[in-house]
1. Which one of Ser394, Ser357, Ser400 is closer than 24 Å to Asn469 by Cβ and in contact with a strand residue (DSSP E or B) (Cβ under 9 Å, 6 or more places away or on another chain)?
2. Picking from Ile255, Ile240, Ile217, Ile271, which residue would you name as being more than 21 Å from Gly308 (Cβ to Cβ), modelled with pLDDT of 95 or more and not charged (D, E, K, R)?
3. Which members of region 329-350 meet the condition of being more than 15 Å from ligand 3 (Cβ to nearest atom) and either acidic (Asp, Glu) or without any contact (Cβ under 8 Å) to a residue 12 or more places away in the chain (or both)?
4. Quick test for you: out of Lys244, Lys272, pick the one residue that is within 14 Å of ligand 3 (Cβ to nearest atom), in contact (Cβ under 8 Å) with a residue 24 or more places away in the chain, out of contact with any Cys (no Cβ under 8 Å at 6 or more places or on another chain) and among the basic types (Lys, Arg).
5. List the number of the failed condition for Asp361; all other conditions in (1) within 16 Å of ligand 2 (Cβ to nearest atom); (2) modelled with pLDDT under 95; (3) not polar (S, T, N, Q) hold.
6. Residue check: is Ile239 assigned to a strand (DSSP E or B) and under 21 Å from Arg346 (Cβ atoms)?
7. Among the residues of region 414-423, are any among the hydroxyl-bearing types (Ser, Thr, Tyr), surrounded by fewer than 17 Cβ atoms within 10 Å (Cβ to Cβ) and touching a residue at least 12 places away in the same chain (Cβ under 8 Å)?
8. Go over the candidates Met241, Met176, Met280 one by one and state the one that is surrounded by 24 or more Cβ atoms within 10 Å (Cβ to Cβ) and within 21 Å of the chain's Cα centre (by Cα).
Amino acid sequence: MKLHIYSAFPKNPINLIIPLAKNDGLSENLAAIAERFHIPKTLLEDDFSAKAKTIQSIYSCKYNAKIFLLGLGKEPTFSTILQAFRKLSHQLGERLSANIGIDFLGSNLESSPNEVEAAINGLLLGSYDNGFYKTADTSSHPLTKETACVDIFIAGNASNILMAAKRGQAAAETQMSIMNLVDAPGNKATPEVLANWAVNSGKKYGYTVKVLDKAAIEEAGLHALLAVNRGSEYPPTFIIMEYKSAKEGEKRPSIGLVGKGVTFDTGGLSIKSSNNMHFMKSDMGGAAAVFGAMELTAKLQLPVHLVGIVPSTDNCVDGTSIKPGDVINSFSGKTIEVIDTDAEGRLILADGLNYMSRHFDTDVMLDLATLTGSCVRTFGYQAGGLMTNDDKLSTDLIASGEQTGERLWRLPLWDEYKKDIESDVADVRNFSGRPVGGAISAAKFLEVFTEDHAHWAHLDIAGVAFGSNGFSKMRSATGYGVRLLSHFIEHFRADE
Ligand code: BES
Ligand code: ZN
Ligand code: ZN
C-alpha cells in the first residue's frame, strides 16, 4: 500500500474520510464541510454528533464523491482513533476504493503524527480477514489490492507525518501476520509452522533465528517442554530469536521476551470440556506477541538488543501423555510434580524462562502467556494481568499499555502464595489443586525458574489475546501485545 502526504485540500476527493472529535469546534467544522461539499448544514448537524465509532456517509454532487465522517467521541486517544478507523475500514469494506483519502485539514483533531499513526494502523487492520481456508472466492478488501493507496491531507511537517503513517502501516502488517497465526487451527499452525514463521520473518527483517528441533531439545535438556509434548503427534520446537540494532558505540539495553507457544491445548489427560475447547487454538497468543515484537522492532530498527524465546508444542492426549501425579525434570534441574496436565503453559515456560536467564543476561525479562482461566475471570477481556516484583517495570509496562490501548493491571506476587505450589515429593508442583488465586500461583510457579532475575515480569494475556471484537462471527485474534511491547521497547532505558 502506498502513502502520500498533501498539504492542501484534495481537488477531486473520491473516497474521503474526515475524522471528527466531539468538541466545541465541531459545529464550525460541520458548517465548513457542508459548504465545501454543497450539502445542507442543518441535516448534517442533525445526523452526526461525532460519537465515537459512528460513521456518517455523505455524497457530494459537486465532486461525485463519497465522504465518510468518522466520529471519535470526546478527547480521542490513540486507541479510540485506531478502533474507529478499524471499524470504518472493516464495515465499509468494498464500499471503499483502493484509493482512500484521509482529510485532517477538514478535521478538528490536532493532526499529530501519533494520530496519523493510529488512523493508518486502524484502517489497515480493518482489512484483516480470517477466512483463509475458504475455497470460494471471497470478497477482498480494497486495501489488500496491489494498487492500494492512501492520501493524507494534513498541515505540518510532511516527513514526520509520512514516517508516522509508515509506522502505522508497519505495525498493522506485523499485527495481521501474527493474528493469522493465532487464528490458525492446531492442525495448521503446528510448532514447526511457528518456527518457520520466525525463520522467514528473521530473514526478511534482519534478525537471527535458531530453531532447536526435537533432537536438539533432548540434547539441551529441555525436559519440561518434552514432557508436555509426549502426547503429541507433532514434534516440539524451541525457537530462539535475536535482534541487535546496527547502531555502533553506546551500549544498547537488552530485553528478553519469552512466549507460550502451545499450538493447541486439549488439557492433556486432565482434559478440558469440549464446549469451548476449539478456542484453545489460540493458546500460542503469547508466542505470537513475542514474534510480533521481534519483527516490528527489527522493522523499526529500534536501538536495542532483543532476544525472543518461544517453546512450542501442543498439549494432547495419548498413551504416552504425562499423567497427573507424574514427576518430571526441567531444564533448570528442578523437579516438578504435575498435579494437573492442563497447567502445561507454565511447564514449557519454566524451560523457556530458565534458558533465557542462563544463556542471555538481559536487563529485563518478560514472559507473555495465555496462562490461566483465573485471569480471564478476574479481568474479563479488558486487561492482561501483570505480575512482577519490580515497581518501576510495572509502572512502565502499565503506561505502555495505556498509551497503546493494550491494557495491563497488576496483581500481587507475595510470598504467601508460595504455599500453593509446594510439593511433598518434588521441588515444586504445577497446581495448588484449589480454584483460588490461580493467576498468581501460576506466576509464583514461573518465578521459581527465573534465577531470581531482578527485572522479570509475567503478563497473563489469556483474556485479551483472543476475543469478540465485532470483526468476526466467533472470537478471533486481537494482535494484543505487539503495540504494547514495541512501545515498551522503544521507551526502555536500563538502570545505570
Ligand atoms: N490455556 C489455558 C488457559 C486459558 C484459559 C487461556 C482460558 C485462554 C482462555 C491454560 O493452559 C489452562 O488450561 N490453565 C488452567 C490451569 C489450571 C488447571 C491450574 C486453568 O486456568 O484452568
Ligand atoms: Zn492448559
Ligand atoms: Zn494452555
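The values are calculated or read from the model by the stated rules, or taken from the named source; none is laboratory data. If you're wondering where the values come from, they're calculated on a predicted model, not measured in any experiment. Cβ coordinates were reconstructed from backbone atoms using ideal geometry, including for glycine residues, and neighbour counts include every protein chain displayed.
1. Details: Ser394 fails: closer than 24 Å to Asn469 by Cβ; Ser357 fails: closer than 24 Å to Asn469 by Cβ.
Result of the check over Ser394, Ser357, Ser400: Ser400.
2. When all the criteria are applied, what remains is Ile271.
3. Those that are more than 15 Å from ligand 3 (Cβ to nearest atom) and either acidic (Asp, Glu) or without any contact (Cβ under 8 Å) to a residue 12 or more places away in the chain (or both): Gly333, Glu337.
4. Exactly one residue qualifies, and that residue is Lys272.
5. Going through (1) within 16 Å of ligand 2 (Cβ to nearest atom); (2) modelled with pLDDT under 95; (3) not polar (S, T, N, Q) one by one, Asp361 breaks only (1).
6. Yes; evaluated as a whole, the condition is true for this residue.
7. Checked region 414-423: at least one residue is among the hydroxyl-bearing types (Ser, Thr, Tyr), surrounded by fewer than 17 Cβ atoms within 10 Å (Cβ to Cβ) and touching a residue at least 12 places away in the same chain (Cβ under 8 Å).
8. Met241
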